[in-house]
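Comments concern the structure below.
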Amino acid sequence: MKAYKKGRIVENIEISKNIYKMVIDVNLSAAPGQFFMFRTKSFRNEPILSRPFGVCDESCGSLTLLYQVVGEGTDIMASLTPEHEVQLLGPLGNGFNLENSTNRKIAVVAGGIGIAPLLSLVKKLESKVDFYAGFTEDPYFIDEFRPHVDKITCASFKKDGIFVTELFDPNDYDLIYACGPNGMLKSIHEKNTSAELQISMEAHMACGIGACLGCTVESSDGEFLRVCKDGPVFNSKEVFS
Ligand code: FES
């Protein structure tokens, strides 16, 4: 049985409007696509409910998370300062499968805050990688990817009026890794006839360990899949028909 492990915030900064980067001093590591349940207490000692975050980056003894302020809990997270104590459970879930990624033409696709777990992925890939990213407003965090990919194409819906799914043809690739809103993942799946498509799904999670069934999605053959335990990474054919 895994237990929460304590860590301390090293840095917690806003990198774009309502998008924060938090670096945590903690001796944990994860495969690309795995996630941690994060909890802490506010400065007034109120508990912040556990919530899942994919690992954006890791280096010796520290983990980097990227998060969007979307409500009260993440608003409190944004107010935390260095040295504040946090707790992490994990790594949880499966990660992206990198086994057959050598010598394949690869696209990595991010939608909004779905960019977060993809940095640790591109750092591990050894083939040529084209990176596509779509944002509702201004792009963020793109420069972190430049040293690790061959080509970057990004779009802001507000400025360019197009979605990331309009930036490329999935059939030009052998293997696609994608993370973003479920509508974006489904759209790539529907256009794709030939590439292996691995998708990291978003879901509300309460326990993160397969116990509460709060994160289930229906599979393409009518079964129920727990995003936290059976995923969060799936072959798109498992989820979409
Ligand atoms: Fe509880 Fe997935 S979050 S089963």
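Bear in mind these aren't lab numbers, they're just calculated from the coordinates by the rules spelled out. Fair warning: this is a prediction, and the values are worked out from it, not measured in the lab. FYI the Cβ positions are ideal-geometry reconstructions off the backbone, even for glycines, and counts take in every protein chain you see.
Points worth noting:
- DSSP bridge pairs, the chain: antiparallel proportion in percent, nearest 5: 65
- Intensity falloff of segment 4-92 expressed as log10 I(q)/I(0), Debye formula with alpha-carbon point scatterers, at q = 0.12, 0.20 Å⁻¹: -0.30, -0.89
- Charge dipole of the chain about the Cα centre (unit charges at C-beta), most positive-ward option of L225, N12, H189: N12
- Pairwise centroid distance, computed over Cα atoms, of segment 105-151 with segment 202-241, Å: 24
- Given +1 at the Cβ of Lys and Arg, -1 at the Cβ of Asp and Glu and no other charges, the dipole of segment 4-92 around its Cα centre is 200 debye to the nearest 20.
- Electrostatic dipole magnitude of the chain [Cβ: Lys, Arg +1; Asp, Glu -1; Cα centre; debye, to 20]: 520
- Range of Cα positions in the chain per principal axis (Å), largest first: 52, 39, 33
- Range in the chain, longest, excluding exposed GluC sites (Glu not before Pro) [loop by DSSP; at most 14 other beta-carbon atoms within 10 Å]: 138-222
- For the set K17/K159; K124/K191; K123/K159; K2/K237; K2/K123; K151/K229, the pairs lying more than 25 angstrom apart at their alpha carbons are K124/K191; K123/K159; K2/K237; K2/K123; K151/K229.
- Its Cα centre serving as origin, segment 106-200 has a Cβ charge dipole (Lys and Arg +1, Asp and Glu -1) of approximately 160 debye.
- Dipole orientation for the chain: of the candidates P147, L121, V26, V26 has the Cα lying most toward the positive pole (charges on Cβ; Lys, Arg +1; Asp, Glu -1).
- 10 Å Cβ shell holding at most 13 others, DSSP loop, trypsin sites (Lys or Arg not before Pro): longest site-free stretch of the chain: 129-241
- Projecting the Cα atoms of V69, I162, F131 onto the dipole axis of the chain, where Lys and Arg carry +1 and Asp and Glu carry -1 at the beta carbon, places V69 farthest toward the positive end.
- With pairing defined as another cysteine C-beta under 4.7 Å, the cysteines of the chain that fail it are C56, C60, C154, C179, C215, C228.
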